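The values are calculated or read from the model by the stated rules, or taken from the named source; none is laboratory data. Predicted model, so just to flag it, every value in this text is computed and none were measured. A quick note on method: Cβ atoms are made from the backbone with ideal geometry, for glycine too, and the neighbour counts reach across all protein chains shown. Just the protein is used for accessible areas: all its heavy atoms, side chains included, with ligands, DNA and RNA removed. Shrake-Rupley method; radii C 1.70, N 1.55, O 1.52, S 1.80 Å.
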Amino acid sequence: MQGNKTLFDLDGKVALVTGGSRGLGLQIAEALGDYGATIAISARKQHELDAALEHLRARGIRAEAFAADASKPEALTQLVDSVLAAFGQVDILVNNAGASWGAPAEDYPLEAWDKVFDLNVRGLFALSQQVAKRSMLPRSGGRIINVASVAGLRGNAGGLLKTAAYNASKGAVVNLTRALAAEWGGRGITVNAIAPGFFPSKMSQGVIAAVGEEALMGNAPLRRLGGDEDLKGAALLFASDAGQHITGQVLAVDGGYTAV
């Protein structure tokens, strides 16, 4: 049995984190890099990637950045090409890139529905497929971590949020996680999902401002939003040998929001 400290050791591993330039993706990139992984971050906006890259390197993390639109299959092919050319392998894939759109269900634009699903589900599957086929399956091993949401586990309390496509897409991510885990587990790949609750981010700041922290948290036992360190433990567990016997699971990191 490994010692406790080496269970989480990611030295020699390469992690690709989509949506890694800010928010939850950057938090996860920090966690994996701090424990030894080489980090490849991807996002659409180069200037945000540049700032994130400087931030990661200042922590002593070996990192590179790759601009890509994760909703476009051709861009994902180029992304995987670039990461494999730079590092030779991808051991850990974190599918964090995501989008939301708010509108009443009866008036929800179908083009907005498609935009959310193209990134949150289609893009996530396309990248997982490419990374598995081109790096993980040939080496009989890998870790895939999908960032779902508590919105994929339940409806919106009190009808406060009108995000039908987001909820549906994250529900799809939850069950896609299980399907891929079942299919690829025998070939050495674990697939798990983290379902964050409400964290301050660029995507959520409008909702938090409009609805208020107290209303969003409702009766959640811990009575607070997620913070800058709160996803790190879950990400490390799923990425490392500490989680080698865990697959097809969804871990809510939500202050107990889904427990009540």
Select from segment 52-74 the residues that are surrounded by 15 or more Cβ atoms within 10 Å (Cβ to Cβ) and within 18 Å of Asp228 (Cα to Cα) and list them in ascending order. Ala52, Leu53, His55, Leu56, Ile61
Within segment 207-244, considering residues that are in a helix (DSSP H, G or I), charged (D, E, K, R) and modelled with pLDDT of 85 or more, the one nearest to Gly25 (Cα to Cα): Lys232
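Yes/no matrix, rows are residues, columns are (1) modelled with pLDDT of 95 or more; (2) crowded, with 18+ Cβ neighbours inside 10 Å:
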site: Gly102; (1), (2): no, no
site: Glu106; (1), (2): yes, no
site: Lys115; (1), (2): yes, no
site: Leu124; (1), (2): yes, yes
site: Gln130; (1), (2): yes, yes
site: Lys133; (1), (2): yes, no
site: Pro138; (1), (2): yes, no
Given the options Ile39, Ile28, name the one that is farther than 30 Å from Leu161 by Cα and in contact with a strand residue (DSSP E or B) (Cβ under 9 Å, 6 or more places away or on another chain). Ile39
Taking segment 168-187 and the residues there that are touching a helix residue (DSSP H, G or I) at 6+ places or on another chain (Cβ under 9 Å) and charged (D, E, K, R), the one that is nearest to Leu137 (Cα to Cα) would be Arg187
Do we have any residue at all in segment 208-224 that's crowded, with 18+ Cβ neighbours inside 10 Å, of a type in the set (A, V, I, L, M) and within 20 Å of Leu119 (Cα to Cα)? no
Among (1) more than 28 Å from Gly33 (Cα to Cα); (2) at pLDDT 95 or above; (3) not charged (D, E, K, R), the one test that Thr163 misses: (2)
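Quick grid of which residues meet (1) open to solvent by less than 20 Å² (accessible area, probe 1.4 Å); (2) closer than 26 Å to Thr258 by Cα; (3) part of a strand (DSSP E or B):
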residue: Asn120; (1), (2), (3): yes, yes, no
residue: Asn167; (1), (2), (3): no, yes, no
residue: Leu176; (1), (2), (3): no, yes, no
residue: Ala182; (1), (2), (3): no, yes, no
residue: Val191; (1), (2), (3): yes, yes, yes
residue: Phe198; (1), (2), (3): no, yes, no
residue: Ser201; (1), (2), (3): no, yes, no
